[in-house]
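K.L.:
This is the structure I have questions about; it appears just below.
Read-outs throughout are calculated quantities, based only on the coordinates presented, and are distinct from any laboratory measurement. This is a predicted model, so every value here is computed, not measured. As a convention, Cβ positions derive from the backbone with ideal geometry for all residues, glycine included, and neighbour counts pool all protein chains shown.
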Amino acid sequence: ALGKGSDLEKAFATAALVYNNSADPEGKLSKAETKSLLQTQFQGFIQGQENKPKYQEIISTLDEELENKLDFEDFMILLVSLTLMSDLLQEIKNVKTTK
């Protein structure tokens with residue numbers, strides 16, 4: 001659908017597709033499913049973050065209140081939060097690409 005879309009549009013479309021492929025029929029993810037999805041699909045961004053208090057706080061919320069589920073908006077906020085604290089983000093910022 002986004003064959004001619006920008007790189008940013010394709011990135012968000014990919015995030016939406018990954019989420020939708022894992023979500024239940026109501027379009028939500030359990031916290032356990034969210035944690036598993038992050039560990040398999042977002043490993044580069046969360047690797048090495050385990051000792052950071054903010055990371056521990058975010059992950060601990062996924063272990064609490066297991067009956068609560070995340071919708072796509074909550075999932076994206078979680079992704080952005082984890083990305084902003086990631087060491088990988090700093091590495092990415094240091095890379096300059098030319099087109």
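K.L.:
Using only alpha carbons, build the gyration tensor for the chain and give me the equivalent ellipsoid semi-axes, biggest first, whole Å.
P.N.:
Sorted largest first and rounded, they come to 24, 21, 9 Å.
K.L.:
Between Ser6 and Met85, how many nm apart are label points set 7 Å from Cα along the C-beta direction?
P.N.:
It is 2.9 nm.
K.L.:
Which trypsin sites (Lys or Arg not before Pro) in the stretch 1-88 pass both tests, a DSSP loop state and at most 11 other beta-carbon atoms within 10 Å?
P.N.:
Lys4
K.L.:
Right, something else. Can you give the net charge of the other residues whose Cβ lies under 15 Å from the Cβ of Asp87, counting K and R as +1 and D and E as -1?
P.N.:
Working: positive: Lys52, Lys54, Lys93; negative: Glu50, Glu91.
With Lys, Arg at +1 and Asp, Glu at -1, the neighbours total +1.
K.L.:
Tell me the GluC sites (Glu not before Pro) within the stretch 1-90 that lie in a loop according to DSSP and have at most 14 other beta-carbon atoms within 10 Å. Before the final figure, lay out each step's value.
P.N.:
Values: sites: Glu9, Glu26, Glu33, Glu50, Glu57, Glu64, Glu65, Glu67, Glu73; in loops: Glu26, Glu50, Glu64, Glu65, Glu67.
Loop-located and lightly packed - Glu26, Glu50, Glu64, Glu65, Glu67.
K.L.:
A follow-up question, please. Just to be sure I understand the model, the point goes 7 Å from the Cα along the line to the Cβ. What's the resulting Glu64 to Val95 distance in nm?
P.N.:
Using points 7 Å along Cα→Cβ, the separation is 3.5 nm.
K.L.:
So what is the calculated 222 nm ellipticity per residue for the chain, using -39500 (n - 2.57) for each DSSP H run with n of 4 or more, over all residues, to the nearest 500 deg cm²/dmol? Walk me through the numbers on the way to the answer.
P.N.:
Numbers: 6 runs with 63 residues, N = 99.
So the calculated ellipticity at 222 nm is -19000 deg cm²/dmol.
K.L.:
Turning to a different aspect of this structure: Which residue, Asn51, Asn20, Asn68, tops the fluctuation ranking in a GNM of the chain built on C-alpha contacts under 10 Å?
P.N.:
Looking only at Asn51, Asn20, Asn68, the largest GNM fluctuation is found for Asn51.
K.L.:
For every other residue with a beta carbon closer than 14 angstrom to the beta carbon of Val18, add +1 if it is Lys or Arg and -1 if Asp or Glu, then tell me the sum. List each step's numbers first, then the result.
P.N.:
On the way: positive: Lys10; negative: Glu33.
Neighbourhood net charge equals 0.
K.L.:
On to the next question. Taking K and R as +1 and D and E as -1, what net charge do the other residues with C-beta under 10 Å from the C-beta of Gly27 add up to? Let's see the in-between values first.
P.N.:
Values: positive: Lys28, Lys69; negative: Asp24, Glu26, Asp71.
Counting the neighbours of Gly27, the net charge comes to -1.
K.L.:
Need the full-extension length gain, Glu33 to Ala13, defined as separation in residues times 0.36 nm minus the C-alpha distance. One decimal, nm.
P.N.:
Working: separation 20, 0.36 × 20 = 7.20 nm, distance 1.98 nm.
Using 0.36 nm per residue and subtracting the Cα-Cα distance, I get 5.2 nm.
K.L.:
What spacing in nm lies between the two simple spin-label points modelled at Asp74 and Asn21, each 7 Å away from Cα in the Cβ direction?
P.N.:
About 2.3 nm, to one decimal.
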